[in-house]
1. Take region 22-56 and flag every residue that is open to solvent by less than 60 Å² (accessible area, probe 1.4 Å), outside any helix (DSSP H, G or I) and closer than 19 Å to Asn152 by Cβ.
2. Of all residues in region 84-136, which are touching a residue at least 60 places away in the same chain (Cβ under 8 Å) and either surrounded by fewer than 17 Cβ atoms within 10 Å (Cβ to Cβ) or assigned to a loop (DSSP other than H, G, I, E, B) (or both)?
3. Please specify each residue of region 32-54 satisfying the condition of being touching a strand residue (DSSP E or B) at 6+ places or on another chain (Cβ under 9 Å) and of a type in the set (A, V, I, L, M, F, W, C).
4. Write out, first by first residue and then by second, each pair whose Cβ atoms fall under 7 Å of each other, whose residues are 6+ apart or on separate chains, and whose first residue, in region 8-35, is in contact (Cβ under 8 Å) with a residue 12 or more places away in the chain while the second is open to solvent by 90 Å² or more (accessible area, probe 1.4 Å) and in a helix (DSSP H, G or I).
5. Go through region 49-62 residue by residue and tally those that are in contact with a His (Cβ under 9 Å, 6 or more places away or on another chain) and either under 16 Å from Ile34 (Cβ atoms) or of a type outside the set (A, V, I, L, M) (or both).
6. What's the total number of residues in region 174-194 that are under 14 Å from the mean Cα position of the chain (by Cα), assigned to a loop (DSSP other than H, G, I, E, B) and hydrophobic (A, V, I, L, M, F, W, C)?
7. Kindly indicate which of Ser21, Ser82 is under 23 Å from Thr105 (Cβ atoms) and not basic (Lys, Arg).
8. If I ask for residues that are in a loop (DSSP other than H, G, I, E, B) and open to solvent by less than 30 Å² (accessible area, probe 1.4 Å), which ones from region 140-173 would you list?
Amino acid sequence: MKELDKDALRQNLKLRRDQISTINKQQFSEAISIRAIRKILDENSLVIASYLSVGSEVNLNRVHHWIWESNRILLIPKIINSNGMKFVPLMSQRQIVVGKFNIPTSSSFEEYSAKKIDAMLIPLVGFNNECDRLGMGGGFYDKFLSNPLAKNIYKIGIGFDTQGNKAFQPSPWDQKLDCVITESKIIISPNGLK
């Protein structure tokens, strides 16, 4: 798929996500959070990388509170520059600050190696039934996950049903997810780790 086509698809899928009502977004985020917690338990994950939602992304606050309450470690991305990001701990909501590109992050600077991360909850703009992810277009997650130290991270895509697109074809550098969780289902990658 040409990059121009991907940009048009990205805009279309973001518009569909933006059109979900506030009530439905809350209900769908709750259903997705319950499935995500079950998946984290299934994978015996203790160190979980997640994200702080922006705009119409799935809100994972319930998952984050559960991670804290169950004595697991919650990591959040911190954009370093236009070429990369690192993951740092978020111990409570009081640590949330606005980072680069106005993306919320943690005030912590303690970087965790990709090797220490058990599971990662990854926001997406679109996905297909093979668990390929269409992101925002910056390549931050693809770059991070292409690191050999990240090979054992269980990659969980997080999105709404409306973001699915069977015609989407990944680029060679796109990192495949192990599963995608929506409000109605969990799609397991045919080539996933588990």
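The values are calculated or read from the model by the stated rules, or taken from the named source; none is laboratory data. In this text, all values refer to a predicted model and were calculated from it rather than measured experimentally. Glycine also receives a Cβ, built like all others from the backbone with ideal geometry; neighbour counts cover every protein chain displayed. For the accessible areas, the whole protein counts, side chains as well, though only heavy atoms, and no ligand, DNA or RNA atoms are used. Shrake-Rupley method; radii C 1.70, N 1.55, O 1.52, S 1.80 Å.
1. Glu43, Ser45, Val47, Ile48, Ala49, Ser50
2. Gly84, Tyr112, Lys116, Ile117, Asp118, Val125, Glu130, Cys131, Met136
3. Ile32, Ala36, Ile40, Leu46, Val47, Ile48, Ala49, Leu52, Val54, listed by residue number.
4. Partner pairs satisfying both residue conditions: Glu30/Arg62; Ser33/Arg62.
5. Adding up the residues that qualify gives 1.
6. Count: 1.
7. Of the residues listed, the single one that is under 23 Å from Thr105 (Cβ atoms) and not basic (Lys, Arg) is Ser82.
8. Residues satisfying the conditions are Ile153, Gly159, Phe160, Phe168, Ser171.
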